[in-house]
1. When you look at Q183, is it part of a strand (DSSP E or B), surrounded by 13 or more Cβ atoms within 10 Å (Cβ to Cβ) and in contact with a Pro (Cβ under 8 Å, 6 or more places away or on another chain), yes or no?
2. Residue check: is A205 among the aliphatic types (A, V, I, L, M) and over 22 Å from the mean Cα position of the chain (by Cα)?
3. Can you find a residue that is in a loop (DSSP other than H, G, I, E, B), among the acidic types (D, E) and either closer than 23 Å to A33 by Cα or open to solvent by 30 Å² or more (accessible area, probe 1.4 Å) (or both) anywhere in the range 279-293?
4. For the range 34-52: of the residues being open to solvent by 10 Å² or more (accessible area, probe 1.4 Å) and part of a helix (DSSP H, G or I), which is nearest to E82 (Cα to Cα)?
5. Checking P281 against (1) under 28 Å from V251 (Cα atoms); (2) more than 16 Å from the chain's Cα centre (by Cα), only one condition comes out false. Which one?
6. Out of the residues in the range 198-211 meeting the condition of being in contact with a strand residue (DSSP E or B) (Cβ under 8 Å, 6 or more places away or on another chain) and touching a residue at least 24 places away in the same chain (Cβ under 8 Å), tell me which one is least open to solvent (accessible area, probe 1.4 Å).
7. Being among the aromatic types (F, W, Y) and open to solvent by 50 Å² or more (accessible area, probe 1.4 Å) is the filter here; which residues of the range 238-263 pass it?
8. Any residue in the range 11-22 that's in contact (Cβ under 8 Å) with a residue 12 or more places away in the chain and assigned to a loop (DSSP other than H, G, I, E, B): show its pairings with residues that are among the hydrophobic types (A, V, I, L, M, F, W, C) and open to solvent by 20 Å² or more (accessible area, probe 1.4 Å) at Cβ separation under 6 Å, as long as the two are six or more apart or on different chains.
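The values are calculated or read from the model by the stated rules, or taken from the named source; none is laboratory data. Here the structure is a predicted model, which means the values were calculated and not measured. All Cβ positions, glycine included, derive from the backbone under ideal geometry; neighbour counts span all protein chains shown. Ligands, DNA and RNA are stripped out before the accessible areas are found, and what is left, the full protein with its side chains, is counted by its heavy atoms. Shrake-Rupley method; radii C 1.70, N 1.55, O 1.52, S 1.80 Å.
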Amino acid sequence: QVCIANLHPAAMALAGGTFSMTGTLSKTRAQIAKDIKANGGVFSANVTGKVTHLLCSPYEFTLCTEKQCAAQAKGIPVCTEEIIWDSIKAGKLLPIGKYDLSKLSDTPAHAAGKVVHAPPAAALPPAKKARTATKATAGAPAVSVRSDLAHSHNVYQEGSVFWDAEMVQQDAASNMDKFYDIQILESKTGGDYYCFQHWGRAGTAGQTNSEGPFGSEEPAKKVFLKKFREKCGYPWGSSSYAPAKPGKYTVVERMAAVDGSVKWEYQVVKPVDGKKPGWYPYEAGATANMERYFAQFASNEWLHVRYVHSGTYTYKVDFRAMTQTNVDLPTHTTRNIRRRG
């Protein structure tokens, strides 16, 4: 990625380009739009005839999103986002060539609505280092929306390390899928610290706990270190948190930015409950959950199956096959799902 503040504003590297985007990229839609405009380009929320580039991730290219299909129908190239970062570095809009996903991908362009399977991933999460990020690249992790301190505190940063962890524990045999998130929160005005935890069953609001306030970071760090090791079995800062230990949570890589403008839909093939065949939107809460889990999958390919509790049922959601299966019904009803944005 490129730190826009370090560039000369007169470069206008993206002049002549009109960009749209689909899916989850390294930054939010608003941030990418801002970077494009700051470097002389035009950002379009929709795929119009004026669009010259549609930005998309290599994996989501295989899913053929609505925007991707519209772009291909209009002869608009679908590119990786690296074309804008590399062009900004070069000071000029680079040729599409090596960024063209139709040439980069092993999977050809697909017809709209076709379900495509992603390439297989490792069964276990890869070895990973301590979860770190810098403000100049990945940006600071957001304070959990479940915390009452979301507007008054930031996630505590020590050097390049943010004290923030996401964990998942699954058991396919029992359709069990639990999450555990933990953060140290520091007041924006200084002076107090908390250790915040959020845990529960995937798809539910879960439970929360805030320990503090503490007058310094050390007591909050002590709580964090103890709970982190209790949950995953590894000390914070280990060179690897894999393999997962029996009966413990797995530490996951920090997820990509969640795109709040994306819509999730499920398909009804035969009339049921008064619904005609067609695509139907998820409710707002379910959409937010699906986008969060998809963002986690985008950063952790092994986490492609989730067991999500919704209402009175549990659904097996497969982000590779783009299907959801009601595992509580004897019929195990399976529906296609899609992500639109």
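1. Values: part of a strand (DSSP E or B): yes; surrounded by 13 or more Cβ atoms within 10 Å (Cβ to Cβ): yes; in contact with a Pro (Cβ under 8 Å, 6 or more places away or on another chain): yes.
Criteria met by Q183.
2. On the way: among the aliphatic types (A, V, I, L, M): yes; over 22 Å from the mean Cα position of the chain (by Cα): no.
So A205 fails the test.
3. Let us first name the residues in the range 279-293 that are in a loop (DSSP other than H, G, I, E, B), namely 282-283.
Imposing the further condition that a residue be among the acidic types (D, E) reduces the set to 283.
Filter once more, so that each one left must be either closer than 23 Å to A33 by Cα or open to solvent by 30 Å² or more (accessible area, probe 1.4 Å) (or both): 283.
Taking every residue of the range 279-293 in turn, at least one turns out to be in a loop (DSSP other than H, G, I, E, B), among the acidic types (D, E) and either closer than 23 Å to A33 by Cα or open to solvent by 30 Å² or more (accessible area, probe 1.4 Å) (or both).
4. Going through the qualifying residues, I end up with D35.
5. P281 satisfies all of (1) under 28 Å from V251 (Cα atoms); (2) more than 16 Å from the chain's Cα centre (by Cα) except (1).
6. Our first condition is that a residue be in contact with a strand residue (DSSP E or B) (Cβ under 8 Å, 6 or more places away or on another chain); within the range 198-211, this holds for 198-204, 206-211.
From the residues that got through so far, the ones that are touching a residue at least 24 places away in the same chain (Cβ under 8 Å) too are 198, 201-204, 206, 208, 210.
On the way: H198: 18, R201: 102, A202: 1, G203: 21, T204: 49, G206: 29, T208: 61, S210: 56 Å².
The qualifying residue least open to solvent (accessible area, probe 1.4 Å) is A202.
7. Applying the first criterion (among the aromatic types (F, W, Y)) to the range 238-263 yields 241, 249.
Within the range 238-263, none qualify.
8. The qualifying pairs are L14/L93; G16/L93; G17/L93.
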